[in-house]
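Here's the structure we're looking at; comments come further down.
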Amino acid sequence: MSNEPKFITYQGIQISNQEGLELSRKQYEKSNLRRSVRDFSDEPVPFETIKNIILTAGTAPSGAHKEPWTFCLVSDPKIKKRIREAAEKEEYESYTHRMSDKWLKDLEAIGTDWNKPFLETAPYLIIVFKRAFEYIDGEKWQNYYVNESVGIACGMLINAIHNAGLITLTHTPSPMNFLTEILKRPDNERPYLLIPVGHAAKNATVPNLHRKPFNELCIHYS
Ligand code: IYR
């Protein structure tokens, strides 16, 4: 048994309502500049920056604090190439056979297709795996609210990438079992999301999208 106390005093961020208001506004304005960007430059990014970003994602809440995630970080060009080839093979099938006409129509505004050059151009790929269960002393223990926990961690990861002045997009090749094989992950892990990270290319463009105004975004029961 550990001698550590079961509960400790909460520290948090000690600021006034006024300071909180100002910070929340600045945070929103900054977050509103985030976009899913597909045009990457190959400009390097310091490893320490990526490490801080992944550590931030790891501060996410999780069911029973099981932290049911593994962040695989790929910078090896040979592995990036294998991932690109496997992803494009699946994406080609999806775009030409698997996706419905309505789905393809919905994607017209986004301008995606089966080509995924960013999987090689981006200096880093973060492949997020969810952990359905753990083996503890040979015994199988289920994790709880795994999709919710890993989804929250991915949101925090994306926000941290944006706050570091970098770009990403949520790439979802489907099916993505090839990531388990290429990255040799154990049987308690399943690929969840592929997050390329890097700098935006000089003339990167994004779709001209608009976000819901507050009165559509939120229903206030006061
Ligand atoms: N997984 C594909 C298709 C795709 C699906 C949705 I929904 C998007 O918002 C964007 C793309 C791809 O990554 O291209």
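The values are calculated or read from the model by the stated rules, or taken from the named source; none is laboratory data. Keep in mind that what you see is a predicted model, and the values were worked out from it rather than measured. Ideal geometry is used to build each Cβ from the backbone, glycine not excepted, and the neighbour counts take in all protein chains shown. Note: accessible area is taken over every heavy atom of the protein model, side chains too, but ligands, DNA and RNA are not part of it. Shrake-Rupley method; radii C 1.70, N 1.55, O 1.52, S 1.80 Å.
Is the shape of the stretch 103-174 rounded, prolate or oblate, going by the alpha carbon gyration tensor and its root eigenvalues a ≥ b ≥ c, with a/c under 1.5 for rounded and a/b larger than b/c for prolate?
prolate
What does the charge count around SER94 come to, taking other residues whose C-beta lies under 11 Å from its C-beta (Lys +1, Arg +1, Asp -1, Glu -1)?
For residues surrounding SER94, the net value is -3.
Using +1 on the beta carbon of Lys and Arg, -1 on that of Asp and Glu, and nothing else charged, what's the dipole of the chain about the Cα centre, debye to 20?
It works out to roughly 200 debye.
Want the number for PHE7 to LEU209: 0.36 nm per residue separation, take away the alpha-carbon distance, what's left?
68.1 nm
Quick one: with all protein chains in place, what share of the accessible area of the chain is carbon or sulfur, to the nearest percent (1.4 Å probe)?
Carbon and sulfur: 54 percent of the exposed surface of the chain.
Net charge near PRO191: determine it from the other residues with C-beta under 11 Å of the C-beta of PRO191, scoring Lys and Arg +1 and Asp and Glu -1.
Charge balance near PRO191 sits at +1.
Mind ranking GLU216, GLU91 by accessible surface for me, highest first, 1.4 Å probe?
These residues rank, largest area first, as GLU216, GLU91.
Would you check the accessible area of TYR28, probe 1.4 Å, heavy atoms only, in square angstrom rounded to 10?
For TYR28, the solvent-accessible surface is approximately 140 Å².
Determine the order of TRP114, TRP141, TRP69 by accessible area, beginning with the largest, at a probe radius of 1.4 Å.
TRP141, TRP114, TRP69
By average Cβ neighbour count within 10 Å, what is the ranking of 80-87, 150-157 from highest down?
150-157, 80-87
Name the residue from PRO68, ASN208, GLY138 whose Cα lies farthest towards the positive end of the charge dipole of the chain, charges +1 on Cβ of Lys and Arg and -1 on Cβ of Asp and Glu.
In the chain, that residue is ASN208.
Find the relative contact order for the stretch 35-200 and round it to a whole percent, using C-alpha pairs within less than 8 Å whose residues are 6+ positions apart.
39
Under a straight-distance cross-link criterion of Cα-Cα below 30 Å, which lysines are reachable from LYS81, leaving out those fewer than 8 residues away in the same chain?
Within the straight-line cut-off, LYS81 pairs with LYS51, LYS89, LYS105, LYS116, LYS130, LYS184, LYS202.
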